[in-house]
Amino acid sequence: MQTIAFYNHKGGVGKTTLLFNLGIALQSQGKKVLFVDGDAQANLTSIALRDEQIEEVYDSEQTIYHGLAPLVEGSGDIEIVRPIEIRDNAWVLPGHINLSVFEEIAPEGWTSALAGNPRGFRVSTAVHRLTRGVAAQVGAEYILLDLGPNVGAFNRAALLAADGFVIPMSPDLFSLTALPSVGESVSRWVDEWRIATNSASRRGLKLGFDLPVGSPVPLGYISQQFAVYREQPAKAYKRWVNQIPAQYVAGVVEPLAEAGVRHPEREGKIGEVRNLSSLIPMAQRNRSAVFELTGTLARGAQFTRARDTYNLFADLAGEVLNRLDETL
Ligand SMILES: Nc1ncnc2c1ncn2[C@@H]1O[C@H](COP(=O)(O)OP(=O)(O)O)[C@@H](O)[C@H]1O
Ligand SMILES: [Mg+2]
């Protein structure tokens, strides 16, 4: 079982859309995929489930928040909730706006893990234990973890739960400047987690659950061409695009390598997603991947364009998995 997080401090760069389409491409190849909505905005949930289904899972308490709630409320530990089946071999652990309450207990949990306190480890590994527990229940092989654009405590717990992470980014100045901040925070979390786990093992702390290694491999970035700020001058755009490879190495790969995290021996860029314009909202309304749109929904040339995105997403997904295999 492998967990891949999609992470960038910058929002609106197409993380959620990309993650969903890559995951469905994997599913259509017979892989078993669990989508986890780790963003309180729950966009992944709304592209995976219909409104009635969302209401149902809130009622039946089958969301990521409900999985964490007993721990958050102090009444117990995480609860392995049942994910929702959205295809053969594909499930979603839905998101919830209350996920943000985890942020309230997580910082203290982190400090107390650093101080060697068992509750601290329980809280700091909650995302790891919950996502793996949910995936194990249905036999999922891949956990795709969608995250909000911030450096909050939930994301820290999520990155420690990840075997690798992909940075979806737009080729513009904002994404360029976000890269070093992604690298800086993730490498700091890795360092701190190592201190915590080393001291736990030195003291022979008995926790009753496995601790994640906490070494998320930077798998690379996916350039999202649609998200380019339309008005940006061509010259400036070129200059930023040209800076991305070096900035990715210096800002992400190197700080993580210093923290002892492996990386694939390949260029940072995994690939590119072009502007799919109206196909994206069309697929979202249909709760489908773009390439799943049928001839009745997308007509003529639009249908062909939609269908042809299968190769794009399948190739990107294949490359992500190869990079992960290579570094494990
Ligand atoms: N390849 C694409 N082409 C055109 N529009 C896209 C594409 N991917 C995403 N979008 C649109 O961009 C917006 C942000 O996408 P989203 O996946 O929600 O980003 P994020 O998760 O980074 O906030 C959405 O309105 C979505 O419909
Ligand atoms: Mg999103």
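Sorted from fewest to most neighbouring beta carbons within 10 Å, what does the list Val253, Val182 look like?
Ranked by crowding around the Cβ, least crowded first: Val253, Val182.
Counting only C-alpha contacts under 8 Å and six or more residues apart, can you give the relative contact order of the chain as a whole percent?
Normalised by residue count, the contact order of the chain is 23 percent.
Obtain the nm distance between the two label points defined at Asp51 and Asn311 by a simple spin-label model: each point lies 7 Å from its Cα along the Cα-to-C-beta direction.
The answer from the label model is 3.9 nm.
Would you mind pulling out the separation of the Cα centroids of region 167-224 and region 3-66, in Å?
That distance is 21 Å.
Please identify every one of the trypsin sites (Lys or Arg not before Pro) in region 2-67 that sits in a loop by DSSP and has no more than 13 other beta carbons within 10 Å of its own beta carbon.
Details: sites: Lys10, Lys15, Lys31, Lys32, Arg50; in loops: Lys10, Lys31, Lys32, Arg50.
Passing sites in region 2-67 are Arg50.
From the residues Ser288, Trp240, Ala250, which one has its Cα farthest along the dipole of region 239-293 in the positive direction, the dipole being from +1 and -1 charges on Cβ of Lys/Arg and Asp/Glu about the Cα centre?
In region 239-293, that residue is Ser288.
What's the long-distance tail for region 191-328, i.e. % of Cα pairs beyond 24 Å?
The answer is 54 percent, as a whole percent.
Among Ala314, Ala157, Ala236, whose mean-square fluctuation peaks in a Gaussian network model of the chain (Cα, cutoff 10 Å)?
Largest GNM mean-square fluctuation: Ala236.
Along the Cα→Cβ direction, 7 angstrom out, place labels at Lys31 and Arg299. What is the inter-label distance in nm?
Label-label distance for Lys31 and Arg299, simple model: 3.6 nm.
For a footprinting-style exposure proxy, rank Tyr142, Tyr237, Tyr221 by other Cβ within 10 Å, fewest first.
Ranked by crowding around the Cβ, least crowded first: Tyr237, Tyr142, Tyr221.
Excluding residues on the same chain fewer than 8 positions from Lys235, give the aspartates and glutamates whose Cα lies under 17 Å from its Cα.
Asp172
Given the pairs Lys10/Lys238; Lys15/Lys269; Lys31/Lys206, which span a C-alpha to C-alpha distance of over 27 angstrom in this model?
Lys31/Lys206
Counting other C-beta atoms within 10 Å, which of Thr296, Thr63 has the fewest, and how do the rest follow?
In increasing order of surrounding Cβ atoms, one gets Thr296, Thr63.
Which of Leu207, Leu176, Leu219 ends up with the largest GNM mean-square fluctuation for the chain, with Cα atoms connected below 10 Å?
Leu207
Size of the dipole of the chain about the Cα centre, Lys and Arg at +1 and Asp and Glu at -1 on the beta carbon, nothing else charged, in debye to 20? Walk me through the numbers on the way to the answer.
Working: 31 positive and 36 negative charges, 144 e Å.
Value, rounded to 20: 700 debye.
What list of whole percents do you get for P(r) of region 2-327, with Cα-Cα distances grouped in 20 Å bins up to the one holding the largest distance?
33, 58, 9, 0
Taking the Cα centre of region 163-222 as origin, sum charge times position over the Cβ atoms of Lys and Arg (+1) and Asp and Glu (-1), and report the length of that vector in debye to the nearest 20.
400
Round to the nearest 0.05 the FRET efficiency obtained for Asp77 and Ser199 when R0 = 22 Å and r is the Cβ-Cβ distance.
Step by step, r from the Cβ atoms, then E = 0.50.
If you wrap a convex hull around the Cα atoms of region 1-95, how much volume per residue is inside, in Å³?
That works out to 112 Å³ per residue.
Where a number appears in this text, it was derived from the coordinates with a stated rule and is not lab data. Remember, predicted model here, so these are calculated numbers, not experimental data. Using ideal geometry, Cβ is built from the backbone for each residue, glycine included, and neighbour counts are taken over all protein chains shown.
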